[in-house]
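See below for the structure under consideration.
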Amino acid sequence: MNTPKHIAIIMDGNGRWAKKRFLPRIKGHQKGVQAVRNIVKHCGKLGVKTLTLFAFSSENKNRSNEEVSLLFKLFLSVLKQEVKKLNKHNVRLKIIGELSLFPKEVQKTAIEAQALLSKNTGLTLIIAANYGGQWDIAQAAQKIASLSAEGKINAEDINVDTFSKYLSLADEHRVDLLIRTSGELRISNFLLWDIAYSELYFTDTLWPDFNSIELDKAINSFTDRDRRFGARKDKAC
Ligand code: IPE
Ligand code: IPE
Ligand code: MG
């Protein structure tokens, strides 16, 4: 099977999963964490190199204070709980996004967890938290502008390759497959630059119900795609 090396997922539908069961939204988020565990495990088994998960968008801070603070708490407890298990499974962890918005304890735990897992050589798990694709491009431009002001980079040397070195996913394999759960057909400011040639897969399944069978379906769909990257295999016109 032609397994994608890098899978990115917009994990959507936790709230609707809870609503269907007359439960508070946080119960959907908690159930969503179990789905993350299952998918991380399955990706490890399949030999996927990198899994990038959209956990909290730049825009999600506009939700109620109650939901945002419960999400921060959940993120903190999951980070603390899972780090040993991730280490045992040789998982490298990276967190991308504007972490400065997060409570200090979350920031500290995130830094420590990444440091502990940084040398691992198995699956690279990337969590996008307070992340926006537009923010990512803007922060890259800002870094380049500073280097240019210091005379360390010339305007004529800025191109697609050099620009991408300043993005959050620099050094990672290109995103092969982007999955969005819950039936929404949009990107919601997730990776923008990085999905230029990703294959897209949308499913109505709500994130808490997304499991290894659902992931296999997405991968099978990916395997059937003809990725041309703008070129043609046959030379005839
Ligand atoms: C995705 O589920 C998780 C986050 C955005 C944090 P939602 O909370 O967006 O669930 P729905 O879309 O309301 O069902
Ligand atoms: C996108 O889902 C963000 C995450 C899954 C973390 P949203 O539920 O926030 O997106 P919209 O509001 O439907 O576009
Ligand atoms: Mg949603």
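Kindly indicate the residue of the stretch 84-109 that is touching a strand residue (DSSP E or B) at 6+ places or on another chain (Cβ under 8 Å) and not in a loop (DSSP other than H, G, I, E, B) and also farthest from VAL40 (Cα to Cα) among those meeting that condition.
Out of the qualifying residues, it is LEU101.
Checking GLY44 against (1) open to solvent by 30 Å² or more (accessible area, probe 1.4 Å); (2) within 14 Å of ligand 1 (Cβ to nearest atom); (3) part of a helix (DSSP H, G or I), which test does it fail?
With (1) open to solvent by 30 Å² or more (accessible area, probe 1.4 Å); (2) within 14 Å of ligand 1 (Cβ to nearest atom); (3) part of a helix (DSSP H, G or I) applied to GLY44, the lone miss is (2).
Out of (1) outside any helix (DSSP H, G or I); (2) open to solvent by 20 Å² or more (accessible area, probe 1.4 Å), what's the single condition that is false for LYS19?
Failing condition for LYS19: (1).
The conditions are (1) in contact (Cβ under 8 Å) with a residue 60 or more places away in the chain; (2) within 17 Å of ILE127 (Cβ to Cβ); (3) loosely packed, with under 14 Cβ neighbours inside 10 Å, and ILE10 fails exactly one of them. Which is it?
Of (1) in contact (Cβ under 8 Å) with a residue 60 or more places away in the chain; (2) within 17 Å of ILE127 (Cβ to Cβ); (3) loosely packed, with under 14 Cβ neighbours inside 10 Å, only one is false for ILE10: (3).
Pairs, please: C-beta under 6 Å, at least 6 apart or cross-chain, first residue without any contact (Cβ under 8 Å) to a residue 40 or more places away in the chain and in the stretch 175-192, second crowded, with 21+ Cβ neighbours inside 10 Å and among the hydrophobic types (A, V, I, L, M, F, W, C)?
Qualifying pairs under 6 Å: none.
For the structure I just gave you, tell me whether GLU184 is acidic (Asp, Glu) and either in a helix (DSSP H, G or I) or at pLDDT below 95 (or both).
It is false that GLU184 is acidic (Asp, Glu) and either in a helix (DSSP H, G or I) or at pLDDT below 95 (or both).
Out of all the residues in the stretch 59-70, is one or more within 13 Å of ligand 2 (Cβ to nearest atom), open to solvent by 70 Å² or more (accessible area, probe 1.4 Å) and among the acidic types (Asp, Glu)?
Yes, that holds for at least one residue.
GLU172 passes all but one of (1) part of a helix (DSSP H, G or I); (2) open to solvent by less than 60 Å² (accessible area, probe 1.4 Å); which number fails?
Just one mismatch for GLU172, condition (1).
The values are calculated or read from the model by the stated rules, or taken from the named source; none is laboratory data. Note that the structure is a prediction, hence the values are computed from the model and not measured. As a convention, Cβ positions derive from the backbone with ideal geometry for all residues, glycine included, and neighbour counts pool all protein chains shown. Just the protein is used for accessible areas: all its heavy atoms, side chains included, with ligands, DNA and RNA removed. Shrake-Rupley method; radii C 1.70, N 1.55, O 1.52, S 1.80 Å.
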